[in-house]
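First comes the structure, then the notes that go with it.
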Amino acid sequence: MSSPLRYQFIHDERLGIRLPVLHLEWEDYSKVERADMLLEWEEIRATIPDKIHRVEKVIIEKTKQMSEEDNFVRSCELNSEIHELASVINDLNIWFRVQQDHDTKIHQ
């Protein structure tokens, strides 16, 4: 019989990365579990700069489209899309800054 998951990394559709879900306080995990989590997080974290770069390219393209758009409604839609993409970049940057050392919690 397997024990319930004490932690997991679940794919976040909006950000395009797996994020940690901790079911216990950080201190309640064993040193081995913490090391495993940090190793997995570091592998995920390493992909974030490329994801940010790809989203930035989309923002640049949408900004160009918006500057050439004559339809006010479509221009507003593009502006909203750009705003959401900028929010994704902001959130990815926050997750990227989560420290990798053993004394730091991985926050949900």
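Below, the figures for the structure above:
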{"read-out": "Members of region 1-20 that are open to solvent by 90 Å² or more (accessible area, probe 1.4 Å), assigned to a loop (DSSP other than H, G, I, E, B) and under 22 Å from Ile94 (Cβ atoms)", "value": "Glu13, Arg14"}
{"read-out": "Qualifying residue in region 21-40 (condition: open to solvent by less than 100 Å² (accessible area, probe 1.4 Å), touching a residue at least 40 places away in the same chain (Cβ under 8 Å), touching a Lys or Arg at 6+ places or on another chain (Cβ under 6 Å) and outside any loop (DSSP other than H, G, I, E, B))", "value": "yes"}
{"read-out": "Every residue from region 64-100 that is outside any helix (DSSP H, G or I) and either under 26 Å from Ile44 (Cβ atoms) or modelled with pLDDT under 95 (or both)", "value": "Arg97, Val98, Gln99, Gln100"}
{"read-out": "Residues of region 29-63 that turn out to be farther than 14 Å from Leu19 by Cα, at pLDDT 95 or above and among the polar types (S, T, N, Q), as a count", "value": "1"}
{"read-out": "Tally of residues being without any contact (Cβ under 8 Å) to a residue 12 or more places away in the chain and of a type in the set (D, E, K, R) across region 51-68", "value": "5"}
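The values are calculated or read from the model by the stated rules, or taken from the named source; none is laboratory data. This structure is a prediction, so every number in the text was calculated from the model and none was measured. With ideal geometry, Cβ positions are generated from the backbone for all residues, glycine too; neighbour counts draw on all protein chains shown. Only protein heavy atoms, including side chains, enter the accessible area calculation; ligands, DNA and RNA are left aside. Shrake-Rupley method; radii C 1.70, N 1.55, O 1.52, S 1.80 Å.
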